[in-house]
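Participant: The structure that follows is given in the form of structure tokens.
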Amino acid sequence: DIKRSGKADSAGANGSELGQPEIKTIVELAHDPMPVVEERALLRSTRRDIQEIMKQISGNRFNQVTVILCSPWYFSQTRIITIDRNERFIVDRNLIDKLLEDEKATFLNRAASQFSIAEGDEPELLEMSIMRVFLNGYETDSFINKSVKHMQLSIYISMSMKSLVSEIGSVAGEIFGAKKITVHSSPYVLFRSAGSVLEIGNAGAVIADIG
């Protein structure tokens, strides 16, 4: 009575988990196209960019730095879990945790078999977030401890390589001097932020990120 489906490189969201930070400075740096996807080249470029940014915003101190990975440096899926039962069941935290843990294991195992991974490296989860919940056909934000016969969860899940996440975090922490470094995939940040800024609500929307 549990069905699962997934679609790569897509996501949807309602609401915001990232808060409303104040934007003080936007720094844009132009680059020549990178002809080959190569991790060492990315890290060298990242270090140069961060050093240039620090020159332009010198005098500021940072407690936290968020690094956003764009394609091809992450892999993501929107997965849908559907539970249909003849008898009512309770949607409790244990059920949700079990479903999420199963999806995490499946996602990472498939990634490990689909991608060429260097010896000693491994996939690392970036985000796993419940984006939408339907109970008995109705969308809701309050679903814990509800008694239902039908439940559908839309989950966004993403990963990168552990070595890449660790080294980018080290570079950012070293140059910015921040103690807390977080790494996210670009679709997660885009949809979470847009859901708040555009006040999408339950009406839904399509967001195209071109570039």
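The values are calculated or read from the model by the stated rules, or taken from the named source; none is laboratory data. Everything numeric here is computed off the predicted structure, so don't read it as measured data. Virtual Cβ from ideal backbone geometry, glycine too; neighbours counted across all protein chains shown. Ligands, DNA and RNA are excluded from the accessible area calculation, which covers all protein heavy atoms including side chains. Shrake-Rupley method; radii C 1.70, N 1.55, O 1.52, S 1.80 Å.
Participant: If you check Glu119 against the conditions, is it within 30 Å of Ser45 (Cα to Cα) and over 19 Å from the mean Cα position of the chain (by Cα)?
Facilitator: Working: within 30 Å of Ser45 (Cα to Cα): yes; over 19 Å from the mean Cα position of the chain (by Cα): yes.
For Glu119, the condition - within 30 Å of Ser45 (Cα to Cα) and over 19 Å from the mean Cα position of the chain (by Cα) - is met.
Participant: So which residues in region 107-140 are closer than 30 Å to Arg85 by Cβ, hydrophobic (A, V, I, L, M, F, W, C) and touching a residue at least 24 places away in the same chain (Cβ under 8 Å), if there are any at all?
Facilitator: Listed by number, the residues that qualify are Phe107, Leu108, Leu125, Met128, Ile130, Met131, Leu135.
Participant: Now a separate question. Give region 155-172 a look and list any residue that's within 20 Å of the chain's Cα centre (by Cα) and assigned to a helix (DSSP H, G or I), or say none. Walk me through how you get there before you give the answer.
Facilitator: Within region 155-172, the subset within 20 Å of the chain's Cα centre (by Cα) is 155-170, 172.
Those that are within 20 Å of the chain's Cα centre (by Cα) and assigned to a helix (DSSP H, G or I): Lys162, Ser163, Leu164, Val165, Ser166, Glu167, Ile168, Gly169, Ser170, Ala172.
Participant: Could you look through region 41-69, keep only residues that are β-branched (Val, Ile, Thr) and assigned to a helix (DSSP H, G or I), and pick out the one that is most open to solvent (accessible area, probe 1.4 Å)?
Facilitator: Ile53
Participant: I would also like to ask the following. Only residues that are surrounded by fewer than 16 Cβ atoms within 10 Å (Cβ to Cβ) and hydrophobic (A, V, I, L, M, F, W, C): list them for region 90-107, please.
Facilitator: Ile90, Leu95, Ala105 - these are the residues of region 90-107 that are surrounded by fewer than 16 Cβ atoms within 10 Å (Cβ to Cβ) and hydrophobic (A, V, I, L, M, F, W, C).
Participant: For Ile144, which of the numbered conditions (1) farther than 20 Å from Leu42 by Cα; (2) open to solvent by less than 50 Å² (accessible area, probe 1.4 Å); (3) among the aliphatic types (A, V, I, L, M) fails to hold?
Facilitator: Of (1) farther than 20 Å from Leu42 by Cα; (2) open to solvent by less than 50 Å² (accessible area, probe 1.4 Å); (3) among the aliphatic types (A, V, I, L, M), only one is false for Ile144: (2).
Participant: So which residues in region 148-180 are over 22 Å from Gly120 (Cβ atoms), open to solvent by 30 Å² or more (accessible area, probe 1.4 Å) and either touching a strand residue (DSSP E or B) at 6+ places or on another chain (Cβ under 7 Å) or aliphatic (A, V, I, L, M) (or both)?
Facilitator: The answer is Lys149, His150, Gln152, Ile175, Phe176, Lys180.
Participant: A further question follows. For residues in region 70-84 being of a type outside the set (A, V, I, L, M, F, W, C) and touching a His at 6+ places or on another chain (Cβ under 8 Å), which is surrounded by the fewest Cβ atoms within 10 Å (Cβ to Cβ)?
Facilitator: If we take residues in region 70-84 being of a type outside the set (A, V, I, L, M, F, W, C) and touching a His at 6+ places or on another chain (Cβ under 8 Å), then Asp84 is surrounded by the fewest Cβ atoms within 10 Å (Cβ to Cβ).
Participant: Give the residues of region 84-118 that are of a type outside the set (A, V, I, L, M, F, W, C), at pLDDT below 90 and part of a helix (DSSP H, G or I), sorted by residue number.
Facilitator: Within region 84-118, Thr106, Asn109, Arg110, Ser113, Gln114 meet the criteria.
Participant: Can you tell me how many residues in region 108-135 are of a type in the set (Ser, Thr, Tyr) and either under 15 Å from Leu164 (Cα atoms) or open to solvent by 50 Å² or more (accessible area, probe 1.4 Å) (or both)?
Facilitator: Counting residues in region 108-135 that are of a type in the set (Ser, Thr, Tyr) and either under 15 Å from Leu164 (Cα atoms) or open to solvent by 50 Å² or more (accessible area, probe 1.4 Å) (or both) gives 2.
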